[in-house]
Each structure stands twice: as C-alpha cells, then as structure tokens.
C-alpha cells in the first residue's frame, strides 16, 4: 500500500512538473511574439493609430529584409491587432511560426496561400489564431456585438501597393463548412450573391453599399471562443476595401 502511495505521489509530481513546463513554454512564446512585434513596430516607425485619415506608410522594404513573405500590415482599433501580414506557400506553416519564421504556437496573421498577394481578388481570407490573452485574432469576438461594431466600423490595411480603410459589412459565427468559406467566384453574379449571403448572416445590419463589379473584400477568419461552440465554429468578419 505504501509503495502504491509513493508511486502515485511520483506520478502527480511528474504531472505537475510537466504542466509547469508547458505553462512556462507558452509564456515564453507569448513574450517572444510580443518582442518581435515591438521590434517590427519600432523598425518601421509606425506612429499611433490614426482616428481618421492615416498619414503614414509602412516601410515594406525593411520588413521584407526580415521576412520576404510579408505582404501587408493590419491594425484594428479597440483590439490588440497591430501585426504584419504574411503569406506562405501553404496554410499550415504560419499556424505555428512567427513573423521571423521561428517556431511559435501563436503563429502569425496570414493570407490564404491561394490568394493574390496584393488583395486584388474578389475576397481574400486572412487567418490568425484565437488566443486567451487577446493577441493575434483573440479579440475578434468583440465584433459579435453591435455596440462594439458601432464604435469600430472600420480598420486599416497597409500594403506595398496602397493603403486601405476596411469597412466592415458583416460579422457572425459559422462553421468551417459554411458557404461563407469561399474565395473563388466564376462570375460577378456569383460574387454578388456571396455578398448578399454573408450580409444576411450578419448579427446586425450595417447598411454598407458594395459594388460587386469593382469592390474587393477581405474576410477575417478565426476560431471562436464561445463556451458552447463546436470545434468547427469560426468567426467571420467581412469588410470591403476603400483606398485611402
């Protein structure tokens, strides 16, 4: 009996030690991600987030010296989103690699590998992890509430070829198998039908006008944090790009 108790004690101590090891590892990855972010912000000298017309540009030449996969920068007021956007040759690599291509379970903000790298497709998906500390896309859930949307109707997207104010026109929770998960359209009519579809799904009305013949959209996509969610649930935040 005594031997069994000692064995159980060692097992519990081992489990505790492993848990502490994992927690410490996660903290290190969080710190590393934030350090890289701060270094990049300092490097490109991005000033405070503008409230109206952005009057600054990101130095993409300097960013690409760090990582040639960088294709943009995204800033969402009212959240921690203030990150470079990368694009790999698949949708797996940046799920667990940071902007400097080092292993990090928090991953990066990245564009679907099948999309054009200049956001000229009808609809471009931008991915990032949901995190408990709110980093990456951990605060997209805020857009599920109309009150937050009313205070933050737009966000900013900076690219080497031009800067945009992204005007949100739909926000909701749906599955990975949803018709909303679509970035390829055979005609303007199909794209227009898609716009109407996702507008209908929105948690609230936005009254944003979109011209399917010329406008380009982006979709922010991340796991949800809902307590009763299914593993396949995702946040969908759709926005139309307006040049600034």
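The values are calculated or read from the model by the stated rules, or taken from the named source; none is laboratory data. The structure presented is a predicted model; accordingly, all values stated were derived computationally and were not measured. All Cβ positions, even for glycine, are placed from backbone atoms using ideal geometry, and neighbour counts span all protein chains on display.
Quick notes on this one:
- Count - residues of region 169-191 that are part of a loop (DSSP other than H, G, I, E, B) and either within 17 Å of residue 213 (Cα to Cα) or under 16 Å from the mean Cα position of the chain (by Cα) (or both): 7
- Residue that is surrounded by the fewest Cβ atoms within 10 Å (Cβ to Cβ) [pool: residues in region 206-220 that are in contact with a helix residue (DSSP H, G or I) (Cβ under 8 Å, 6 or more places away or on another chain) and assigned to a loop (DSSP other than H, G, I, E, B)]: 213
- Test result for residue 126, touching a residue at least 40 places away in the same chain (Cβ under 8 Å), assigned to a strand (DSSP E or B) and farther than 20 Å from residue 180 by Cα: no
- Filtered residue count, region 149-162, keeping only those that are in contact with a helix residue (DSSP H, G or I) (Cβ under 9 Å, 6 or more places away or on another chain) and in contact (Cβ under 8 Å) with a residue 60 or more places away in the chain: 4
- For region 133-148, the tally of residues that are surrounded by fewer than 21 Cβ atoms within 10 Å (Cβ to Cβ), at pLDDT 95 or above and either in contact with a helix residue (DSSP H, G or I) (Cβ under 8 Å, 6 or more places away or on another chain) or part of a strand (DSSP E or B) (or both) stands at 2.
- Residue check for residue 172: within 22 Å of residue 153 (Cβ to Cβ) and either out of contact with any helix residue (DSSP H, G or I) (no Cβ under 8 Å at 6 or more places or on another chain) or surrounded by fewer than 16 Cβ atoms within 10 Å (Cβ to Cβ) (or both): no
- Residue list for region 221-235, restricted to those being outside any loop (DSSP other than H, G, I, E, B) and out of contact with any helix residue (DSSP H, G or I) (no Cβ under 8 Å at 6 or more places or on another chain): 221, 223, 233, 234
- Some residue of region 193-216 being more than 19 Å from residue 143 (Cα to Cα), within 20 Å of the chain's Cα centre (by Cα) and touching a residue at least 60 places away in the same chain (Cβ under 8 Å): yes
- One residue stands out in region 104-118 among those that are in contact with a strand residue (DSSP E or B) (Cβ under 6 Å, 6 or more places away or on another chain) and part of a loop (DSSP other than H, G, I, E, B): the one that is surrounded by the most Cβ atoms within 10 Å (Cβ to Cβ), namely 108.
- Residues located in region 86-106, provided they are under 19 Å from residue 157 (Cβ atoms) and modelled with pLDDT under 95: 99
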